[in-house]
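No lab work stands behind these numbers, since they all come straight from the coordinates. Model, not experiment: these values are computed from the prediction. In this analysis, Cβ positions are derived from the backbone assuming ideal geometry, glycine residues included, and neighbour counts consider all displayed protein chains.
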Amino acid sequence: MAPQYDAVIVGAGFGGMGAAIQLKELGLGNLLILEREDDLGGTWHVNRYPGLAVDIASVTYSYSFEPNPYWSRLFAPGTELKSYAEHVADKYDLRRHMRFDSVVQGARWDEEERHWVVSTEGQEPVTARYLMTATGFLSQPQVPKIAGIDSFAGTVIHTTAWDDSVELNGKKAAIIGTGATAVQLIPELAKKVAELTVYQRTAIWVLPKVDFAMPRMVQKVFARVPATQKAARAAMSTVLEGVMVSAVLHFKQAKFINNGAKLAAKGHMRRQIPSAKLRAELTPDYDFGCKRPTFSNSYFRTFTKSHVRLETNSIARIEPDGIVTADGRKTEIDTLVLATGFNLWDVNFPAIEILGREGRNLGKWWRDNRFQAYEGVAVPHFPNFLTLASPYSYSGLSYFTTIESQMKHMRRLFGEMRNTGSDVFEVTEAANAEFLDRMTANLGDSVFYQGSCETSRSYYFNQHGEAAILRPTSTVNAFREAGRFPLESYKLNA
Ligand SMILES: Cc1cc2nc3c(=O)[nH]c(=O)nc-3n(C[C@H](O)[C@H](O)[C@H](O)COP(=O)(O)OP(=O)(O)OC[C@H]3O[C@@H](n4cnc5c(N)ncnc54)[C@H](O)[C@@H]3O)c2cc1C
């Protein structure tokens, strides 16, 4: 029986939308995009906390084929990304393919019918020739397992479920976590609440943020002469690429860059915080680059305000009206903000159960055999399946470089399928093994293995201590390989 759809895509964020645009362009327009939320945009729909903004200059954070000349700032606020996602969905006619409030549970390759069967909570299963998972890296919220957390009688807000109706003015609040999200949120929170205690387990390197409102004149020039925005994008990407390749991938040879960044972050802190004790508490003990860098001009200064307090003792338990630290002290609060990030490695790779040929379970196989995906998209034993948020796929720069190199990979792969009249593909074991070996070797000189990252608690590392998220090559290499990978890497109609 013919499957119901050419393809099912899981996730209606920028990754899923990019895949849909590409499939439509390839003539595979009978699509279903399943999304568990009630609207599109992924990260930019779910995250609505005060202070949310991109941390990579906006000229690079968009599809290159759909530039937005009207970003209001160099680092656009999150609401503009959500609007941009809506614009893309409308322009590329993607909404009619989307089904919201659909939590995908799993997908199974049907060997006989040679198609995927996708199960969604409370809905009839659907069948599709191809399956693409675009479930994101930072999409499964982490809720800390702290004793007594469920007994807390006040208001609890996770940053991924921000509720604007919650009154913050005059509250005695605590925030747990000092990662990238907290760096954006803490200064905003401090403007409203009466008391704020920040519970820090791992300090974070924070650099000054060179941000400004985009002058109308620049927006007009970008709109009228798109080549100018392209040039700005290229210039910014080149700088980011240089930093990424040298400071992250070639740390062994270029650690002076990381050390320079550390000095810059310390200088930034010194200008904002007079107290040496406070500065020491806020200074990380791991190398710059172990974690995604953060930028803020107000984070450090916030800790100098009289109603804000940094707490570095570990949390022993939460009681109905407060938090007790390991030294026995209790801080009374009525509002608890969880900026505890995302669980990547336990529940997100993959985000749903995926059963391939001979019932191979992707999640189990990854855990038993190392996390891996050929060119960050394909896995042996999983025919007609592309995993878009996968090991070794993220370039580390603007996520759109990853999305677009994956789109390019799809063009080559599906082009070959069309040329050969095939309807089933599967990456070979040999191609996958060669790719994994190469990525492993490339990581050898990186900050992850040559630097001191043990105490960073960075989500770049998985449960086996491997830094298996970032693709350890330049983006130039990623784009080149996406358009030139050996076609023999795939068995077609095997
Ligand atoms: C706060 C924050 C700020 C960020 N800032 C930047 C930045 O400045 N620059 C940058 O490059 N990157 C940034 N990122 C990373 C960002 O996630 C990516 O840039 C990009 O948005 C990922 O797109 P995606 O579509 O792959 O994943 P997501 O946007 O995470 O979308 C995945 C979608 O899959 C859905 N989904 C997951 N599981 C299921 C399921 N079982 N069933 C149905 N649907 C499911 C989710 O609901 C979600 O809508 C940021 C991330 C966060 C959290």
Q. Relative to the present Cα-Cα distance, how much length would full extension add between Asn477 and Asp321 at 0.36 nm per residue of separation?
A. 50.8 nm
Q: Can you tell me the order of 82-88, 58-64, 268-274 when each peptide is scored by its average per-residue count of other Cβ atoms within 10 angstrom, highest first?
A: 58-64, 82-88, 268-274
Q. If one computes the Cα centroid of the range 365-437 and of the range 296-344, what distance in Å separates the two points?
A. 41
Q.
Across the range 109-232, what fraction of all alpha-carbon pairs, as a whole percent, falls in each successive 5 Å bin from zero upward?
A. 2, 7, 10, 12, 10, 10, 10, 11, 12, 10, 5, 1, 0
Q) So how tilted is helix 14-25 from the main axis of the chain? Cα-based, degrees 0 to 90, rounded to 10. A) 20
Q) When N counts the residues of the range 281-341, how does its alpha-carbon radius of gyration compare numerically with 2.2 N^0.38 Å, as a ratio? A) 1.36
Q: Output ³J(HN,Hα) for the range 178-187: one whole-Hz value per residue in order, computed from phi by the Karplus curve 6.51 cos²θ - 1.76 cosθ + 1.60 with θ = phi - 60°, and x for Gly and Pro.
A: 9, x, 4, 5, 4, 4, 7, 7, 3, x
**Q.** Pairs from Lys191/Lys291; Lys277/Lys305; Lys209/Lys255; Lys191/Lys305 whose Cα-Cα separation, in the structure shown, is over 18 Å
**A.** Lys191/Lys291; Lys209/Lys255
**Q.** Tilt relative to the chain, helix 226-243 - C-alpha long axis, 0 to 90 degrees, to 10
**A.** 70
Q.
I want to make sure I understand the PRE zone here: with the label point 7 angstrom from the Cα of Tyr70 toward its beta carbon, which residues in the range 208-235 have backbone N atoms less than 15 Å away?
A. 214-224
Q: Using only Cα positions of the range 11-149, each an equal point scatterer, no hydration layer, compute I(q)/I(0) via Debye at q = 0.13, 0.14, 0.20 Å⁻¹ and quote the log10 values to two decimals.
A: -0.65, -0.73, -1.23
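Quick one: work out the % antiparallel among DSSP beta bridges in the chain, nearest 5. Intermediate values should be presented prior to the final figure.
Details: 25 of 62 bridges.
Percent antiparallel among DSSP bridges in the chain is about 40.
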Q | About the Cα centre, charge dipole magnitude for the range 1-135 (Lys/Arg +1, Asp/Glu -1 at Cβ), debye | A | 320
Q: Determine the gain in length on full extension of the stretch Val239-Asn361; use 0.36 nm per residue of separation and subtract their C-alpha separation, reporting nm with one decimal.
A: 39.9 nm
Q: Return the inverse of the average 1/r over all pairs of distinct C-alpha atoms in the chain, which is the Kirkwood hydrodynamic radius, in Å to one decimal.
A: 23.9
**Q.** Dipole magnitude (debye, nearest 20) for the chain, charges at Cβ of Lys, Arg, Asp, Glu
**A.** 2080
